[in-house]
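The structure appears right after this line, and notes come after that.
The values are calculated or read from the model by the stated rules, or taken from the named source; none is laboratory data. Computed from a prediction, not measured in an experiment: that's the story for all the values here. Backbone-built Cβ (ideal geometry, glycine too); neighbour counts: all protein chains shown.
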Ligand code: G3H
Ligand code: 13P
Ligand code: NA
Ligand code: ZN
């Protein structure tokens, strides 16, 4: 059944677990996640970016998610807009049946320029007011994703600000977070702690100076009742990097957010954990392997099926590690 983000995250807070939010844009990804959730008895957050909505089309996204809600009637499913850039994006998501929206007002509408605090409060508060009237949940974001190693904003895929960012903008300020939540009434708050989207987050295994888990602790002290969200939370598994490269890929060595750090975050109020890159890598590694080993193969199911199994494995691992398993 489709439920709101608030419903799932309130339960997660009550029972001290976290919920991975997986990005989706096609049937194979949606089915992989649902199979993992079924197997581990986990609640599900399916999220579609603006890019996903334009890739598949709003009607396809809507029906794909409604289809799995019908196919798996016992699993609660949230249909979430990832990184809404403006009021319009959030409203059109709601019109298409999304039960939750992210208004990312940390950036201007172009989704690149860092926005003022006043703009962020105003636009996020407006979205929350409209969404709450119809039972839709809202996630806001305060602070900009980006690297504490380079001082640069989130860069990959044209997401976020590409230039140098003030160090202070790369870390959410706990006092400001408290003010932001009070003013906007968001259900969940995405925080900036040095993670960025995509595979190239860190040039080494992250330590406290480049992955600021302490900021989460500080924010949680001020906002014990707010559900915190970690973006850019792929772990970028070394075995998947190796597998992609073994079968013809060329991924430079890179590091993601260790699962153990996310588990630490969950102990400190993190309830939603955004993951896209790990699933992309699992799919790509599996497809590369089949195509490299069976060069005569041309039935897409012959490589999509293994790619689904690989993605399902990532999802099951996260459900187990975050304590989501057994909570559906
Ligand atoms: O926000 C980042 C997610 O990984 C979605 O990426 O905009 O390429 O669909 P996308
Ligand atoms: P990753 O690129 O680390 O998977 O992050 C995804 C994300 O934050 C989507 O909003
Ligand atoms: Na989101
Ligand atoms: Zn994100």
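Values for this structure:
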item: 3 or more residues at pLDDT 95 or above and within 18 Å of residue 23 (Cβ to Cβ): qualifying helices (runs of 4 or more DSSP H) within region 45-136; result: 50-56, 58-71, 87-95
item: Residue in region 242-259 that is in contact (Cβ under 8 Å) with a residue 60 or more places away in the chain, surrounded by 18 or more Cβ atoms within 10 Å (Cβ to Cβ), over 21 Å from residue 200 (Cβ atoms) and within 16 Å of ligand 4 (Cβ to nearest atom) present; result: no
item: In region 113-146, residue surrounded by the most Cβ atoms within 10 Å (Cβ to Cβ) [restricted to those that are within 18 Å of the chain's Cα centre (by Cα) and farther than 16 Å from residue 186 by Cα]; result: 146
item: Subset of region 278-301 (residues that are crowded, with 23+ Cβ neighbours inside 10 Å and within 16 Å of ligand 1 (Cβ to nearest atom)); result: 278, 279, 281, 282, 283
item: Residue ID - farthest from ligand 1 (Cβ to nearest atom), chosen from residues in region 220-232 that are under 19 Å from the mean Cα position of the chain (by Cα) and without any contact (Cβ under 8 Å) to a residue 60 or more places away in the chain; result: 226
item: Qualifying residue in region 146-167 (condition: in contact (Cβ under 8 Å) with a residue 24 or more places away in the chain, part of a strand (DSSP E or B), within 22 Å of residue 227 (Cα to Cα) and within 16 Å of ligand 1 (Cβ to nearest atom)); result: yes
item: Considering residues of region 16-69 that are without any contact (Cβ under 8 Å) to a residue 60 or more places away in the chain and over 23 Å from residue 92 (Cβ atoms) only, the residue farthest from ligand 2 (Cβ to nearest atom); result: 38
item: Leading residue by the ranking (nearest to ligand 4 (Cβ to nearest atom)) among those in region 47-78 that are under 17 Å from residue 271 (Cβ atoms) and buried (at least 24 other Cβ atoms within 10 Å of the Cβ); result: 47
item: Enumeration of residues in region 182-201 that are buried (at least 21 other Cβ atoms within 10 Å of the Cβ) and more than 16 Å from ligand 4 (Cβ to nearest atom); result: 184, 187
